[in-house]
Ligand SMILES: CC(C)(COP(=O)(O)OP(=O)(O)OC[C@H]1O[C@@H](n2cnc3c(N)ncnc32)[C@H](O)[C@@H]1OP(=O)(O)O)[C@@H](O)C(=O)NCCC(=O)NCCS
């Protein structure tokens, strides 16, 4: 079976008290972590990723059942951080999701950030990332990282705009 290698960047940022709590436009609000919201996180994750490059890199992101499984795995991680795990809800539906974990270091690790296609380009992705960084900082962390597929240029530009800088290049091998 053919193997595809996807180039990925690890990007990092220093955290300090300068992170300001991101505001949302009227009609939209933050929803903090609650065990009963696991399904909503999975659903908006699926809507955000199903047509995107990362659903090839991580096929579970291209299926609702895969997103549900992934959310359960993230929730079970020892460093799962509710303070860095958020949903944005709008007047009619959920708009975006982010989850954060405390990794060895300690360092904050952003797991997945996704904004549903119809809400993109309005600043929600940036707000989610800044909200998670604020959560890491409030948990006492001074640094955070994430990994992003190199050809996902909108995500790379978003992270650069927030202040992340590339620290390492990795290759992820995917079968088939
Ligand atoms: C990546 C993603 C979260 C961005 O969400 P978004 O709400 O559209 O992003 P924002 O509107 O907050 O954009 C913030 C900044 O990111 C950059 N950016 C985002 N989308 C961009 C695009 N299509 N082209 C160029 N720059 C873009 C810009 O710097 C932008 O700042 P600006 O508006 O001041 O120019 C969204 O496209 C998404 O969910 N993609 C699919 C899932 C995914 O790949 N997630 C990332 C996994 S690592």
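Values in this text are rule-based calculations from the coordinates and carry no lab data. None of the values given here were measured: they were computed from a predicted structure. Backbone-built Cβ (ideal geometry, glycine too); neighbour counts: all protein chains shown.
Antiparallel beta bridges, as assigned by DSSP with both residues in the chain, represent about 95 percent of the total such bridges.
In terms of its C-alpha gyration tensor, the chain comes out rounded, because the ratio a/c of the largest to the smallest axis stays below 1.5. With both labels modelled 7 Å from their Cα along Cα-to-Cβ, the residue 160 to residue 143 distance reads 2.2 nm. Each of 37, 64 was scored by other Cβ atoms within 10 Å of its Cβ. Arranged with the fewest first, they read 64, 37.
When the helices in the chain are scored as -39500 (n - 2.57) per DSSP H run of 4 or longer and the sum is shared across all residues, what 222 nm value do you end up with, to the nearest 500 deg cm²/dmol? Display every interim value, and only then the final one.
On the way: 5 runs with 54 residues, N = 176.
Rounded to the nearest 500, it is -9000 deg cm²/dmol.
Counting other Cβ atoms within 10 Å as a rough exposure proxy, the listed residues 97, 4 run 4, 97 from fewest neighbours to most. The relative contact order of the chain comes to 38 percent, based on Cα pairs under 8 Å that sit 6 or more residues apart. Values of log10 I(q)/I(0) for the stretch 1-56 across q = 0.16, 0.25, 0.30 Å⁻¹ run -0.96, -1.08, -1.10, by the Debye formula with one identical scatterer at each alpha carbon and no solvent. Given R0 = 30 Å, the distance between the Cβ atoms of residue 56 and residue 122 translates into a calculated FRET efficiency of 0.70.
Residue order for 3, 88, fewest other beta carbons within 10 angstrom first, comes to 3, 88. The label point for residue 153 and the one for residue 31, both projected 7 Å from the Cα toward the Cβ, are 3.4 nm apart.
Taking every alpha-carbon pair under 8 Å whose residues sit at least 6 apart, the stretch 78-141 reaches a relative contact order of 35 percent.
The modelled label-to-label distance between residue 73 and residue 7, using points 7 Å beyond Cα along the C-beta direction, is 2.6 nm.
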